[in-house]
Every structure is written in C-alpha cells, then in structure tokens.
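As structure tokens, the structure follows; a few thoughts come after it.
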Amino acid sequence: MKKRDSKKDNIVLFPGLERRLLEKGLETLHQKQYRQASDLLEQARNLDPDNSEIYTGLVLAYFEAGNINQARKMAAEMLKKGIGDYFQVMDLYIMILVQLNEYQEVITAIEALLEDREVPKEKLEHFSKMLHFSRRMAAGKKETANDHDLTRDMGQPKLNLFDCLDPQEQMMMAARLANENIRSYITEIKEYLASNEGDAFQKAMLLNILKEQEYEKEVTVEKFGMKETFIPVSLPEIHEVEKALEVKQLLKEELESEDPVLFENIKSMIERNFFLLYPFTPSPEASSAWAAAYHYLGDLYLGKAEPADSYARKYRTSEEEIREAVAFIGKIEEISYPK
C-alpha cells in the first residue's frame, strides 16, 4: 500500500481512516444513499485495495443503485483476485447474474464450482438448487426470476442470525431482506433483537428494515446493556435521531468555521456511533454533554486535548456528564474497532 500524502488529503487526521470510511460507507448504503456510499467505499478501496468488506459494500452499492454491470465487474474481480470468502462471493456473483437473466453463465459458474472445489455441506444444497433453477430458466420455461419464485423454488431457510458474524454476510443478508417480506422471519428476528448477544450493527439494520416495511407490533431490543420495547414503524429514521442531530448542531456552531476538518471527523464518529446505538438514546440526557465529550475525544486523537473543565465551560455542562459520555463512547468505539 502506498503511503498516504497528508498534504494532498487533509482529512487524514484520525487513525484508521480506511475503517472509518468503510463504516460511513455502510451507513449511507443502508440509508439508500447509494451514490454517496459508492464514493466513500471507493475512497476506502484506494487506501485498502484488498479489503473484502469494502469490495462487498461496493458491489451492493452499485447493485442497489441499478449499476448492475459495475456490480458484476466488482464481484468478478473479487473472484479473480481471491478477495473474501470464495463461496460467499460466488453467491453474490450468482445473485447479480440472475438479476441480469444470464442463466447460462450461472450454469457455467456453478458447474465449475461443483467440479473444481470442495463445497461446504451447508452450501452444497443451495448451489445445487440454484443450478437446477437456472437450467430450467435457460431452457425457456415460463418462470420469472423474482424473489417470490426463488424463495418458492429454494425453500425459505432460517436466517441463523447468531451465526452471521461476518460483515459481508450481514450486508448481503440486509440487502436481501430489504427486498423480501421480513415478517416471514419475525420470530427469529425478535429473538435476536431481544438477546444480550448479537451484533449492534446488524440489530440496527434489522430494525430499520422493520421500520421501512411498517411493522406495527412491539419488539424488544437489547444492546450496550440497555433493554427496551419499541414499535418499529414509530421509530425515527436511522439517520434522523434527534439527539444525534442536536449534538452535531452544537459542534457545528462551535467548530465548523474554526476547524472544519476536525468537525467532519467528529461528525463521522457521531453518525457511526448513533447508528450502532439505534434506537436507543443513552444517558447523559443533555446533548451538550455529548457534544463536549465528542469535542474532547476529537482533540484527544490529535494530541491537543484540554482539561475536561474547559469543555464543560464551553458547552455549559458538567465534567461528570462529560466523563459519563466519554466512557459510553469508548464502549461503542471498542465494539466498532476491537483490538
């Protein structure tokens, strides 16, 4: 990887920029801002050209934006370069080919896969059924390659959410569920959301899909030691949580003209953190305390943090509340970037 030139790219201030661009790209992807997502993920790919999560995010961003040929090209590049889990990427590639109605190519790809590779048992039936389905479609039978037909033809397996730990699998699952009736899986999803285990990012995505599909019944959610009951259809948009908007506004007033680069970096952290927190708004209650905490952490990353009382005066809050917010942010960041 080439060394980054900080003179040419003054956003390179915080550590782990590649990861932060990836996280922001995934957030915007889930918010259906596909062009912005692809721009962010392309930036991340320039910094980390072999990262499978970035590639998968790009494939999904292009696919959802309707740029299916570009998605196909990216997936084919992943297969050629051996980026990511081969069978997961092949599954993604086949999904794209089906969307393009290129069933003969699906047949060729799966036949080569079954001949040349030792397919895991849990994947073998899936690929075999896809092969059978594609042969029928290629033969000109009057069937339509839509989600309903594929579900009917292949059956509707469990989501196995507790086993879905890989970010690529989570993104692929969310993309698929967004285009299906998620109520078919509601018992399993409710169990996952209510558990003290599971991934905070995946829980946020599932809640957002339930909201988009106007699910009106109560679901219990647990994450970061908090547990509460919500009605998904009544939740705010995932990128319009009131507290997050208030915190960003306070920091904008304080930092945007004085240090716009610092403000953008802190804003990115806030958006990522509140995505993971969704739909919770933890204590301290005061938005000013959170703004002060994020400002402090932003300065801390740059090695220029002042004593806590300085931020308390600036944002008219207490040192105790700032420390509480800083501790909570640290817990979220540890999950975002585990050591």
Checklist entry - Among 184-191, 43-50, what's the highest-first ranking by average C-beta atoms within 10 angstrom per residue? => result 43-50, 184-191
Item to check | Descending Cα extents along the principal axes, segment 267-339, whole Å | outcome: 29, 27, 18
Item to check | For segment 253-269, Karplus couplings with θ = phi - 60° (6.51, -1.76, 1.60), whole Hz, Gly/Pro x | outcome: 4, 8, 10, 4, 7, 6, 8, x, 5, 4, 4, 5, 5, 5, 4, 4, 5
Next on the checklist: Once R0 is set to 41 Å, what does the formula 1/(1 + (r/R0)^6) return for the Cβ-Cβ distance between Val261 and Asn69, expressed as a FRET efficiency to the nearest 0.05?
Outcome noted: 0.70
Checklist entry - Using the heavy atoms of the protein chains alone and a 1.4 angstrom probe, what is the accessible area of the chain per residue in square angstrom? => result 51 Å²
Next on the checklist: Along the Cα→Cβ direction, 7 angstrom out, place labels at Ile231 and Arg135. What is the inter-label distance in nm?
Outcome noted: 5.1 nm
Item to check | Dipole of the chain, positive direction: furthest Cα of Ala178, Asn265, Ala312, with charges on the beta-carbon | outcome: Ala178
Item to check | Backbone HN-Hα couplings from phi across segment 158-163 [Karplus 6.51/-1.76/1.60, Hz, Gly and Pro as x] | outcome: 5, 6, 6, 4, 5, 8
Item to check | 0 to 90° range, to nearest 10: angle between helix 17-30 axis and the chain longest Cα axis | outcome: 60 degrees
Checklist outcome for this item: For P(r) over Cα pairs in 20 Å bins from 0, in percent, with candidates (i) 31, 57, 12, 0; (ii) 28, 54, 17, 1; (iii) 26, 42, 24, 7, 0, the value calculated from the shown model is option (ii)
Next on the checklist: Taking 35 Å as R0, compute the FRET efficiency from the Cβ-Cβ separation of Leu300 and Glu240 and round it to 0.05.
Outcome noted: 0.80
Item to check | Amide H partners (placed H, <5 Å) of Ser318, local residues excluded | outcome: none
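The values are calculated or read from the model by the stated rules, or taken from the named source; none is laboratory data. Note that the structure is predicted; figures quoted are calculated from it, not measured. Ideal geometry is used to build each Cβ from the backbone, glycine not excepted, and the neighbour counts take in all protein chains shown. SASA here: full protein model, heavy atoms, side chains in, ligands and nucleic acids out. Shrake-Rupley method; radii C 1.70, N 1.55, O 1.52, S 1.80 Å.
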